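Novice: Pasting in a structure now, in structure tokens, and then I'll have a few things to ask.
Just so you know, all these numbers are worked out from the coordinates, no wet-lab data involved. Computed from a predicted model, the values in this text were never measured in an experiment. Cβ atoms come from the backbone with ideal geometry, glycine included; neighbour counts cover every protein chain shown.
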Amino acid sequence: MKNVLILGVNGFIGSSLAWKILKKTDWNVVGVDLSDGKIPHCLKSERFVFHRKNVVDDADFIDAEIRKCDVVVPLVAIATPSLYVKDPLRVFNLDFESNLLIVKKCVEYKKRIVFPSTSEVYGMCPDKDFDEYESNLVLGPVAKERWIYSCIKQMLDRVIWAYGKHEGLSFTLFRPFNFIGPKLDDIKAPKEGSSRVLTQFAHNIINGKPIKLVDGGLQKRAFTFIDDGVECLLKILENKNGCAEGRIFNIGNPYEEYSIKALADILIESFMEYPEYAERARSVKIENVSSKDYYGEGYQDVSRRMPSVKRAEDELGWKPSTNLRRAIKLTLDYHLLGKDYELETGGAQQ
Ligand code: UDP
């Protein structure tokens with residue numbers, strides 16, 4: 001039995017992870033967040049305690065919670081590319097400064113930390129797929145502010161690694177590759193660029209706005225369904241025979257790589273399956289926009305981001321199993337029909 005502390009439990013990964021833990025294990029979860037809109041089902045569990053708090057404001061509270069738990073999963077961070085460019089200092093304050101304090105508490109109280117690194121750390125690495133221990137981390141110039149997030153996460157990775165090697169910190173670093181799913185971003189958020197690509201495109205189709213392909217949409221991503229992602233996190237938390245101890249794992253789906261343009265086409269096709277939205281999908285316009293116009297001067301794109309998941313497959317015994325079309329269907333079922341796969345028997349499985 002474990003006591004897991006999830007900071008940012010109402011986020012995309014946190015909400016799904018908390019539910020997965022409650023459903024599949026006998027562990028207790030303490031969740032901290034500013035709001036609880038994504039976790040109504042968790043709140044009903046007697047193994048779940050929720051605290052409505054801002055991790056940044058209440059250091060004494062966080063200190064006490066870290067002391068009490070066995071493992072900390074600190075998921076509070078800004079992870080939206082447009083904000084790296086628009087508000088890099090906010091990203092630094094939250095993603096770096098706040099999380100560094102939490103890392104240090106874990107060192108002090110000898111608690112295990114399962115920390116979210118990011119696929120962004122690989123930056124513009126030219127490798128055909130990115131390996132956790134072999135690939136170089138390639139960032140652009142300082143004036144390209146997009147890289148602040150990548151750089152922050154890389155620094156925290158290195159700090160956690162060093163605490164692990166030199167001061168005995170028990171840790172695992174994980175790197176999510178374009179996780180998608182129902183609770184990714186607020187689909188109603190009106191501002192262009194305020195969400196990740198799938199939510200943005202879906203929002204535009206629903207609201208009769210054109211889909212914008214940044215620089216032609218030839219850049220590629222490997223899309224990972226959230227349920228596959230948190231299944232891997234569960235294995236990391238289980239840490240059977242220490243398999244995840246002191247390790248770094250990419251969590252991605254290399255079998256589902258698509259260009260952004262192909263993503264737009266598949267999404268439009270998927271919308272056609274919902275009679276109420278079929279006409280909007282049929283008539284949606286696709287426009288090209290330059291990255292400079294869409295994100296501003298400080299942006300630089302990643303043309304290809306492909307994980308190697310060999311280590312997660314071999315060392316954790318995990319493999320992603322949800323393809324992009326199925327991931328999109330489950331996401332649209334949630335937004336358009338109010339159906340939540342997490343609450344259905346069988347979960348994401350067909
Ligand atoms: N993108 C796009 N149109 C949009 C939003 C994003 O073409 O309306 C592109 C963006 O330039 C990037 C890709 O889609 O190449 C994925 O963007 P996302 O924000 O999901 O995150 P990233 O994978 O870049 O971290």
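Novice: Using amide H atoms built in the peptide plane, which far-off residues or other-chain residues are under 5 Å from L184 H to H?
Specialist: none
Novice: Starting at the first residue of region 257-268, write each ³J(HN,Hα) from the Karplus equation 6.51 cos²θ - 1.76 cosθ + 1.60 with θ = phi - 60°, in whole Hz, x for Gly and Pro.
Specialist: My calculation for region 257-268 gives 8, 9, 6, 5, 5, 5, 4, 4, 4, 5, 5, 4 Hz in order.
Novice: Per-residue HN-Hα couplings for region 92-104, Karplus 6.51 cos²θ - 1.76 cosθ + 1.60 at θ = phi - 60°, whole Hz, x for Gly and Pro?
Specialist: With the stated coefficients, region 92-104 comes to 5, 4, 7, 5, 9, 4, 5, 6, 4, 4, 5, 4, 5 Hz.
Novice: Can you tell me the Rg and the Dmax, both Å, for the Cα atoms in the chain?
Specialist: 19.5, 60
Novice: Can you list the chymotrypsin sites (Phe, Trp or Tyr not before Pro) in region 210-317 that are in a DSSP coil and have 15 or fewer other beta carbons within 10 angstrom?
Specialist: Y255
Novice: Another one. Please enumerate, by chain and number, the lysines with C-alpha under 16 Å from the C-alpha of K111, excluding those fewer than 8 residues away in the same chain.
Specialist: In chain and number order, the partners are K2, K68, K165.
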